[in-house]
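Working notes for the structure below.
The values are calculated or read from the model by the stated rules, or taken from the named source; none is laboratory data. Only a predicted model underlies this, so the values are computations on that prediction, with no experimental measurement involved. In this analysis, Cβ positions are derived from the backbone assuming ideal geometry, glycine residues included, and neighbour counts consider all displayed protein chains.
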Amino acid sequence: MTNLSKPNIVTDGLPRHGSPQDRGGADAYYGRGFEPHYYTGHTYQSDRVGAEDMTPAQIEEYRYGYENEEDRKDWGIPEREIDFPTHSDFDTEEE
C-alpha cells in the first residue's frame, strides 16, 4: 500500500508510465503548460485523473517531473520562427 500523504518521487530509474511524475515530465518535454494529471494505468489507455481529484502528494510528484525534465522536444523549427496566432487573429467582428 502506498502512502498517499507523502510523494513517491522516483530518482533512480523511470517512474511508472502514466504516473503523475511521468506526466509532468512529458508535459515539460513537449512544451505543454503546467496541468497536473495522471492516468490510472498506461497513458491514454486508462482513466485520466485531473488535479481536482489528486492528492497534494500526487501534485507534488507531477511538479517534480515537470520541473526536473531537462530535455525538450526538438520540433525542427527555431522557436522565434514559429508563427503563433495573436489575439487579434481571433477577432470576429468586422471593422
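Points to keep in mind about this one:
- Qualifying position, being at positive phi and surrounded by 11 or more Cβ atoms within 10 Å (Cβ to Cβ), among Gly18, Gly41, Gly24, Gly13: Gly18
- Remark: pairs (first residue in the stretch 51-72, at pLDDT 95 or above; second residue surrounded by fewer than 11 Cβ atoms within 10 Å (Cβ to Cβ); Cβ separation under 8 Å; 6+ apart in sequence or on different chains) = Thr55/Ser5; Pro56/Ser5; Ala57/Asn3; Ala57/Ser5.
- In the stretch 44-60, residue farthest from Gly24 (Cα to Cα) [restricted to those that are touching a strand residue (DSSP E or B) at 6+ places or on another chain (Cβ under 8 Å) and surrounded by 12 or more Cβ atoms within 10 Å (Cβ to Cβ)]: Ser46
- Of residues in the stretch 8-43 being among the hydrophobic types (A, V, I, L, M, F, W, C) and out of contact with any helix residue (DSSP H, G or I) (no Cβ under 7 Å at 6 or more places or on another chain), the one modelled with the lowest pLDDT: Leu14
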